[in-house]
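The values are calculated or read from the model by the stated rules, or taken from the named source; none is laboratory data. Here the structure is a predicted model, which is why all the values come from computation and not from measurement. Because the Cβ atoms are built from the backbone with ideal geometry, glycine has one as well, and the counts that use them run over all protein chains shown.
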Amino acid sequence: MRLELKEISKGFPGVVANDHISLTVEPGEIHALLGENGAGKTTLMNILYGLYHADEGEILIDGKPVRFGSPGDAIAAGLGMVHQHFMLVPVFTVTENIMLGVESTRGRFGLLDRATARRQVTEISERFGLEIPPDAVIEELPVGVQQRVEIVKALYREAEILILDEPTAVLTPQETEELFRVMRSLKEAGKSIIFITHKLKEVLAIADRITVLRRGRVVGTTTPQETTEAELAAMMVGRTVMLQVAKEPSKPGEPVLQVADLMVRDDRGHLAVDGVSFEVRAGEIVCVAGVQGNGQTELVEALTGLRRASAGCIRILGTDVTHASVHDVLEAGVGHVPEDRLRDGLIVEFSIADNLLLDQYDVAPFASWIVRNDREVLRAAEERARSYDIRTPSVLQAASTLSGGNQQKVIVAREFSRPIHLLIASQPTRGLDVGSIEYIHARLVAKRDEGVAVLLVSPELDEVLALADRIAVMYRSRIVAILPAGAASREELGLLMAGVSPDEVRPKEALGG
């Protein structure tokens, strides 16, 4: 037995995050950890990785009790963690990133021994079939290769137990298959892998065993041979979950959003959106599909007033809003679920109640002239928290006390709860469990059926295929194809997202604009 967690408990004020959790991970095993938002997965991994101390219980590695005071202690004991958001320095090379923090030196003056590190990186890469270029600069590499760099970084530190936190969140289907090949190679070499994800299909495809957490407790451990997606979803949320989105064909009306020849530069002055044109009509969902980092962020920022366009035109209901402020865009009837909830979606020092009404705090019934109606604010906030299952002891607590998934629910609840003509949702289900995803998908379809134009930006092909009436594939700052729903398979969309030209993919029917 390589790793054993015995009766791990951890509490925070008003919340029991982990309640006597026990699990084991064997050598050469891929052990999936599933759970809804607030189930305790992150807390448990933070305890295992030395970021938190457990209130009760113990950790054993190879039968010996261990106690970690820091991630450094965990790394020294043979643990490695690949975070969902990569911990890489973009302007450093692959080798420089991997040796960072454990630098080898040579000579009496302590010069960095890059040559030795490079040889070790190459040897690890070849042994496990990771295929990374040791001299490449990180920012020039595709996302899937950057992730392999993170895995090599852990192996370079002699990790025997790897924690992979949502590792497929930003990968194309083809990159996901490549990651699974790497995981199987690591498994065959005797490495233990803890695989944290929300994607049930992937769990069934790659895991040897599956442990499900719900509200801080283990509710079951099973294997892919003994369970199904529906059973896993029910274990996670405690009820039957509809895994398919129920929706009728769309009935598009007049254009609400019109984008023509839009050009937008990123923070470094590079062209991130290059001549993009499309429209979204009332009563339809247009999904922008693509691996993160291909200009979607800058596109949404320009549409919502957060970034100035360099050229082109944006119209909402016929009005030119190309250079409008964020306030003016919201006043034009636009709801916005941002990609970065902490930077653009929340003021985490404010209460949950205040965050739920950030864009309505100055209108009736929440205010009269300059006087705020605290009773109405509290009533509305509590109602929204119940409707969107925001897990908190009180809406008067700071938003910073919420888990990432519950913070996302606050933003979704706020933007879905006011009258709008256009909803721009960038990864609205990011970090959410299957029950919450089911609920938000249903709300997106309901908004569409109310006549709202919906622009959904998502790297998740399952989400795109389930919700889209039309799909715009974005690659390297351009929209390379716009397809009606059903015109391309999952595999064809994955190829388009990876940069294969539409002529080579040959979708059944590609339409412009």
Task: Which numbered condition L60 misses (of (1) modelled with pLDDT of 90 or more; (2) in contact with a helix residue (DSSP H, G or I) (Cβ under 9 Å, 6 or more places away or on another chain); (3) surrounded by 15 or more Cβ atoms within 10 Å (Cβ to Cβ)) - done: (2)
- [ ] Restrict the check to the stretch 145-165 and report whether at least one residue is β-branched (V, I, T), more than 30 Å from T24 (Cβ to Cβ) and part of a loop (DSSP other than H, G, I, E, B).
- [x] no
- [ ] From the list I161, I138, I98, I151, pick out the single residue that is touching a Leu at 6+ places or on another chain (Cβ under 6 Å), within 29 Å of I61 (Cα to Cα) and assigned by TED's automatic domain parsing to the domain that holds G28.
- [x] I161
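Looking at the stretch 393-405, which of its residues are modelled with pLDDT of 90 or more and either crowded, with 22+ Cβ neighbours inside 10 Å or not in a helix (DSSP H, G or I) (or both)?
Listed by number, the residues that qualify are S394, V395, L396, Q397, A398, A399.
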Open item on the list: Given the criterion over 25 Å from the mean Cα position of the chain (by Cα) and under 29 Å from R281 (Cα atoms), identify the matching residue among V326, V337, V410, V363.
Closed with: V363
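Would you kindly identify the strands (runs of 3 or more DSSP E) lying entirely within the stretch 205-312 that contain at least 2 residues that are assigned by TED's automatic domain parsing to the domain that holds D449, within 25 Å of the chain's Cα centre (by Cα) and under 19 Å from S426 (Cα atoms)?
255-265, 271-281, 285-289
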Task: Among (1) under 25 Å from V363 (Cβ atoms); (2) not in a helix (DSSP H, G or I); (3) not β-branched (V, I, T) - the single one Q408 does not satisfy - done: (2)
Task: the stretch 483-499 residues that are in contact (Cβ under 8 Å) with a residue 40 or more places away in the chain, paired with ones that are in a helix (DSSP H, G or I) and among the charged types (D, E, K, R) (beta carbon under 9 Å, 6 or more apart) - done: R490/D462; G494/E175; L495/E504; A498/E175
Open item on the list: Just to verify a result, which residue in the stretch 188-215, among those that are more than 18 Å from E463 (Cα to Cα) and among the basic types (K, R), is surrounded by the fewest Cβ atoms within 10 Å (Cβ to Cβ)?
Closed with: R215
- [ ] Among the residues of the stretch 406-438, write down those that are modelled with pLDDT under 90, under 20 Å from E349 (Cβ atoms) and out of contact with any Pro (no Cβ under 9 Å at 6 or more places or on another chain).
- [x] N406, Q407, K409
Open item on the list: Please count how many residues of the stretch 222-232 are crowded, with 16+ Cβ neighbours inside 10 Å and β-branched (V, I, T).
Closed with: 2
- [ ] Would you check which residues across the stretch 166-184 are in a helix (DSSP H, G or I) and under 12 Å from R148 (Cα atoms) and list them?
- [x] E175, T176, E178, L179, F180, R181, V182, M183
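Being in a helix (DSSP H, G or I) and either touching a residue at least 24 places away in the same chain (Cβ under 8 Å) or not polar (S, T, N, Q) (or both) is the filter here; which residues of the stretch 23-50 pass it? Walk me through it before giving the result.
The initial filter retains those residues of the stretch 23-50 that are in a helix (DSSP H, G or I), namely 41-48.
Those that are in a helix (DSSP H, G or I) and either touching a residue at least 24 places away in the same chain (Cβ under 8 Å) or not polar (S, T, N, Q) (or both): K41, T42, T43, L44, M45, I47, L48.
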Open item on the list: With the structure loaded, tell me whether G451 is in contact with a Gly (Cβ under 6 Å, 6 or more places away or on another chain) and surrounded by fewer than 19 Cβ atoms within 10 Å (Cβ to Cβ) or whether it fails that test.
Closed with: yes
TODO: Tell me which of these S417 doesn't satisfy, since it passes every other one: (1) farther than 27 Å from H85 by Cα; (2) within 19 Å of the chain's Cα centre (by Cα).
DONE: (2)
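I'm trying to understand the selection: among the residues of the stretch 155-175, which are farther than 28 Å from E4 by Cα, crowded, with 18+ Cβ neighbours inside 10 Å and out of contact with any Pro (no Cβ under 6 Å at 6 or more places or on another chain)?
L171, T172, E175
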Open item on the list: It is to be established whether one or more residues within the stretch 374-385 are part of a loop (DSSP other than H, G, I, E, B) and either more than 22 Å from A272 (Cα to Cα) or of a type in the set (D, E) (or both).
Closed with: no
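Table: residues versus (1) of a type outside the set (D, E, K, R); (2) buried (at least 22 other Cβ atoms within 10 Å of the Cβ); (3) in contact (Cβ under 8 Å) with a residue 24 or more places away in the chain.
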| residue | (1), (2), (3) |
| --- | --- |
| T95 | yes, yes, yes |
| I98 | yes, yes, yes |
| E126 | no, no, no |
| R148 | no, yes, yes |
Task: Subset of the stretch 408-420 that is crowded, with 23+ Cβ neighbours inside 10 Å and touching a Lys or Arg at 6+ places or on another chain (Cβ under 7 Å) - its residue that is nearest to K41 (Cα to Cα) - done: Q408
TODO: May I ask you to list the residues in the stretch 317-373 that are exposed (fewer than 11 other Cβ atoms within 10 Å of the Cβ) and over 23 Å from V454 (Cα atoms)?
DONE: E349, A364, W369, I370, V371
